[in-house]
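Quick notes on the structure that follows.
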Amino acid sequence: MARAALTGLGLAPPTARPEPAALLVERLVTRATGLATAGDLADVASLLDGVLWAGSGAEHRRAAYGRRRRLTDVVDRPAEAVLAC
């Protein structure tokens, strides 16, 4: 699962059967009542939606490396994105 991030499979508690990791995380967020109590549920849900839509940082780094097979691209791309903000 770690390599595939949220696009891969994870083990669903308590069955230990493989399920889409994104679904498992969405379930976890909806069941984490402390997020709502703390007023953080909307922020966490929004951040999760962003990662599910745009992909994780690891996915972006693998894609950057895959384009030209240069490790410098793995560092340069995120740095350029931060500087553009």
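Remark: Leu6 matches the filter, which requires a residue to be touching a residue at least 40 places away in the same chain (Cβ under 8 Å) and touching a Pro at 6+ places or on another chain (Cβ under 9 Å). Residues that are in a loop (DSSP other than H, G, I, E, B) and surrounded by 14 or more Cβ atoms within 10 Å (Cβ to Cβ) within segment 51-85 comprise Gly55, Ser56, listed in sequence order. Considering each residue of segment 38-52 in turn, at least one proves to be among the β-branched types (Val, Ile, Thr) and farther than 18 Å from Gly8 by Cβ. Cβ separations smaller than 8 Å between residues 6+ apart or across chains give the following pairs from segment 10-38 residues that are of a type outside the set (S, T, N, Q) to residues that are surrounded by fewer than 13 Cβ atoms within 10 Å (Cβ to Cβ): Leu11/Arg17. Beta carbons closer than 8 Å, at least 6 apart along the sequence or on distinct chains, pair a first residue in segment 48-75 that is touching a residue at least 12 places away in the same chain (Cβ under 8 Å) and over 16 Å from Ala21 (Cβ atoms) with a second that is surrounded by 11 or more Cβ atoms within 10 Å (Cβ to Cβ) and among the small types (Gly, Ala, Ser) for Val74/Ala64. A single entry from Ala16, Ala2 fulfils the requirement of being exposed (fewer than 13 other Cβ atoms within 10 Å of the Cβ) and modelled with pLDDT under 90: Ala2. Among the candidates Leu11, Leu71, Leu52, Leu48, single out the residue that is of a type in the set (A, V, I, L, M) and touching a strand residue (DSSP E or B) at 6+ places or on another chain (Cβ under 9 Å). One residue alone meets the criteria, Leu11. Scanning segment 1-50 for residues that are out of contact with any Asp or Glu (no Cβ under 6 Å at 6 or more places or on another chain) and part of a strand (DSSP E or B) gives Leu9, Gly10, Leu11, Arg17, Pro18, Glu19, Pro20.
The values are calculated or read from the model by the stated rules, or taken from the named source; none is laboratory data. Since the structure is predicted, the reported quantities are computational estimates derived from the model, not experimental observations. Note that each Cβ is placed from the backbone with ideal geometry, even for glycine, and that neighbours are counted across all protein chains shown.
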